[in-house]
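Written out below as structure tokens is the structure these notes cover.
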Amino acid sequence: MTDQETECPVETTLSLIGDKWKVLIIGELLAGMKRFGELHRTIPRISQKMLTQQLRQMEKDGLVNRKVYAEVPPRVEYALTELGRSLKPILHAMAKWGSNYKKGKKG
């Protein structure tokens, strides 16, 4: 989140998830824990660098947990926190709205 706190709740939400990559990452993690490579494959247009940056920011913001296993090669898994999972109805509403918008544009 930005250093400047805001009183507007919508602005707060947008500062946390108002990026297309974060919304797509959350959408993938709603299905359950995923490894970095799995996320990268399911979101093909995101670069590894961008995925890393987004996951780090989401971890810092308390939306994602990162679990590192002491194995060779290292295994890292990502999962939504309870706070991250609480975004499910918001993403569902966005998907429904987008679907309705696409239907309306065709007709």
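Values quoted throughout were computed directly from the atomic coordinates according to the rules given, and no laboratory measurement underlies them. These numbers come from a predicted model, not from an experiment. As a convention, Cβ positions derive from the backbone with ideal geometry for all residues, glycine included, and neighbour counts pool all protein chains shown.
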Item to check | Normalised convex hull volume, segment 58-107, alpha-carbon set, Å³ per residue | outcome: 99
Next on the checklist: With angles folded into 0 to 90 degrees, how steeply does helix 48-60 sit against the dominant principal axis of the chain? Use alpha carbons for both and round to 10.
Outcome noted: 80
Checklist entry - What is the diffusion coefficient of the chain in µm²/s, taking the Kirkwood radius over Cα pairs and the Stokes-Einstein relation at 25 °C with a viscosity of 0.890 mPa s? => result 163
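Hey, got the dipole for segment 1-92? About the Cα centre, +1 on K and R Cβ, -1 on D and E Cβ, debye to the nearest 20? Don't skip to the end; give the middle numbers.
Values: 14 positive and 12 negative charges, 114 e Å.
The dipole of segment 1-92 has a size of about 540 debye.
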Checklist outcome for this item: Helix 88-106: inclination vs the chain longest Cα principal axis, degrees, rounded to 10, gives 50
Checklist outcome for this item: In degrees rounded to 10, the 0-90 angle between helix 20-29 Cα long axis and the longest Cα principal axis of the chain is 60
Checklist entry - Could you put 75, 45 in order, starting from the residue whose Cβ has the fewest other Cβ atoms within 10 Å? => result 45, 75
Item to check | Amide H partners (placed H, <5 Å) of residue 19, local residues excluded | outcome: none
Item to check | Qualifying lysines (Cα of each under 22 Å from Cα of residue 103; at least 8 residues distant if same chain) | outcome: 20
Checklist entry - Under a plain spin-label model, where a point goes 7 Å from the Cα along Cα-to-Cβ, how far apart in nm are residue 57 and residue 96? => result 2.8
Checklist outcome for this item: Two pseudo-spin positions, 7 Å from Cα along C-beta at residue 40 and at residue 72, lie apart in nanometres by 2.1
